[in-house]
Protein chains: 2
Amino acid sequence: MAENLVDVAEATRVSIRALVNSGAPENHARTQAELLIEAELRGRASHGLLRLPRLIDRIRNGVANPETTGRAQWRGQAYLQVDGERGLGPVIAFAALDQICHRARETGIAVAAISNSNHLGMLALYAERVAMQGQVLFALTTSEALVHPWGGRMAMLGTNPVAIGVPAQPLPFVLDMATSLISMGQIHDYANRGAPLEPGWALDENGDPTLDAASARKGAIAPFGGPKGYALGLAFEVMVAALTSSALGTDVAGTLDAESVCNKGDVFVVVEPASQAIIGSISAYLQSLRDSAPTDPKRPVSVPGDRAHLARERNIARGISVADPVWQSINASANEAAPRRT
Amino acid sequence: MAENLVDVAEATRVSIRALVNSGAPENHARTQAELLIEAELRGRASHGLLRLPRLIDRIRNGVANPETTGRAQWRGQAYLQVDGERGLGPVIAFAALDQICHRARETGIAVAAISNSNHLGMLALYAERVAMQGQVLFALTTSEALVHPWGGRMAMLGTNPVAIGVPAQPLPFVLDMATSLISMGQIHDYANRGAPLEPGWALDENGDPTLDAASARKGAIAPFGGPKGYALGLAFEVMVAALTSSALGTDVAGTLDAESVCNKGDVFVVVEPASQAIIGSISAYLQSLRDSAPTDPKRPVSVPGDRAHLARERNIARGISVADPVWQSINASANEAAPRRT
């Protein structure tokens, strides 16, 4: 499939315009567009501009409301319950994060439990932002059932990613990973490219192993790390539900399609570090890992977040690579005659 | 190696006596002994009575203080900072949990960040207790560096287990897993039995792969789930350090030996569930997993905590299996002429 190498500023401008034309206020459009483009910059195309045409469809279908920042109320001094009112995932999330980051400075820890909000996108950016301002973030979100239980045949769990951000120098520590072996975004990417999957990655809709990405889209992907990864992803699924009253398993909808209200949940926990001194120790420890003896002398030991940071620097200089139909669709939305916003 | 099948009440009585003879108050001895025996009951021999003779040595060496319940202070309304004062891990932990479980009922979420406390033992019991009283627990603890980074040759991370407890019927959801592929307790168990390891489990002290459990004790064990499991275990290591100011990597000591002060950290986060209704939905969802189509018709899909519960019921009836030298050592401590306590 043909790809376009697009300058970052241009991609941002066009994406914002496309969202504004769909009814998003300029600042909300910018928050959403920047998050998608940050995913592209960090080499996470599966969470990048690929998602924008569908999001615009969701706005047009009334299952995403680009205007709201959600309705938040404190259930306790450190527990913010947020009804996302079908808002844009990053808009609702950053509004909630602002509140709990501020609150955690007093209480030491605070949680935001978000329901009824759209797809958060790449979690790394939230973790990085919180860590850059000197706090620790632990974030979970659920998704449609795409992952089979260990020893099972059917998709019954979300890909349930986790992000952890911890302040460090010169770069914050940023973990962002799905509890699936791969993401459904990657499956779609493989299907779009016509590339075969690796053995063990996925089952087809009958619950049998497959290497065909198109079949896997209707089947199930494997948890990472065998029974432990399954157990962990399941723990995140039920923990998010317990805090947000989100839907569970096959009842979850709206993270991939254009028509369903999104009923997954998001959990953000912000904690104050014990001291500034420990941040220095953490930074030194992370450096000692990077400097440690590798199995393959050509592949130094890596720390989560490092590769994404390098990719970001390279891609800012080079521009981001967007598949033709995606870029055409975004441009078409951006070039509509008149904004629909009243 | 010969093993004894010991009645649970007898094992508890003798273990308490051994601890009391070492200077522990009766109630602290009971808390510690019951936790070790619960691990035996749930099939976690690596976290069971095997640990008691060493713990008694630690008390005698002054690096474990069986009398203290720790010194706790609120750093914020929801953040309990605990100096464990070298106390017994479960004694310090349950004292802190009592406080944060109570506090979370007001604040919605509360965290205990514990340093200077001994080995927690099996985390499942903490998760189960909190879930049984209707709250969610997320628990982390670190350990001596036993795990190699993905693509690295040397032990630089703890086995860094995570536990998650969520209320459910008929049984609470209880996840308890190390972020290593296996635990060092299991390596010791294999070494004691003279059994070979599986390929990919461990490196020897030179950083080369080994199947010899005795060599692996001086080497490194693998993270579970490849690069993702490494990233997750590392995230837990730095998150625990950020909250507790615990030591990091190869600076951590006192979780396996008899002489060092234990400088790892423990983090417990307790959260209120959103509603009682969601607990019903979670219970139904967990049952739907158990009832779902398995790959192997003889192995139904399992939910974390189920197997441990079955093992517990079986072992209560049967008695627990303790290796000869361990049982002899505990009995010797229990049969000392006079309690050392003044």
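The values are calculated or read from the model by the stated rules, or taken from the named source; none is laboratory data. Fair warning: this is a prediction, and the values are worked out from it, not measured in the lab. Reconstructed Cβ throughout: ideal geometry from the backbone, glycine too, with neighbour counts over all protein chains shown. Accessible surface areas use protein heavy atoms only, side chains included; no ligands, DNA or RNA. Shrake-Rupley method; radii C 1.70, N 1.55, O 1.52, S 1.80 Å.
Numbers for the structure displayed
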| quantity | calculated |
| --- | --- |
| Per-selection metrics, chain B (Cα): Rg and Dmax in Å | 19.8, 61 |
| Axis-nearest residue in chain B [Cβ, rotation onto A], distance in whole Å | B:225, 1 |
| Cβ-Cβ FRET estimate between residue B:287 and residue B:314, R0 fixed at 25 Å, reported to 0.05 | 0.70 |
| Candidate lysines - alpha carbon under 17 Å from residue B:228, same-chain residues fewer than 8 apart omitted | A:228 |
| Under 5 Å, built H, 5+ apart or other chain: amide partners of residue A:133 | none |
| Label distances, nm, residue A:26 versus same residue in remaining copies, Cβ-directed 7 Å point | 7.5 |
| Overall form of segment B:39-143 per C-alpha gyration tensor (a/c, 1.5; a/b vs b/c) | oblate |
| Relative contact order of segment B:162-254, defined on C-alpha pairs under 8 angstrom at six or more residues apart (%) | 21 percent |
| Under the span-like rule (Cα at least 24 Å along the axis, Kyte-Doolittle mean at least -1.0), DSSP H helices of chain A | A:89-107, A:226-244 |
| Global size of the protein assembly as shown as Cα Rg and Dmax, reported in angstrom | 25.3, 94 |
| Value of relative contact order over chain B, rounded to a whole percent, pairs C-alpha under 8 Å and six or more apart | 25 percent |
| Shape of segment A:86-219, Cα gyration tensor, a/c cut at 1.5 | prolate |
| Calculated on alpha-carbon atoms, Rg and Dmax of segment B:178-265 in Å | 13.8, 40 |
| Long-range Cα-Cα pairs in segment A:232-332 (distance over 20 Å), rounded percent | 70 percent |
| Solvent-accessible surface ranking, highest first, for A:246, A:115 at 1.4 angstrom | A:115, A:246 |
| Theoretical ellipticity at 222 nm over chain B - DSSP helices of four or more residues, -39500 (n - 2.57) apiece, nearest 500 | -13000 deg cm²/dmol |
| For residue B:74, label point 7 Å along C-beta direction: distances to other copies, nm | 1.3 |
| Inter-copy separations for residue B:261, label at 7 Å along Cα-Cβ, nm, ascending | 5.7 |
| Solvent-accessible surface (1.4 angstrom probe) belonging to residue A:271, in square angstrom, nearest 10 | 10 Å² |
| Inter-label distance for residue B:105 and residue A:74, nm, one decimal - labels placed 7 Å from Cα along Cα-to-Cβ | 2.1 nm |
| Heavy-atom accessible area ranking, 1.4 Å probe, most first, across B:94, B:224 | B:94, B:224 |
| Nonlocal amide H pairs with residue B:221, under 5 Å, H built at 1.01 Å | B:147, B:148, B:203 |
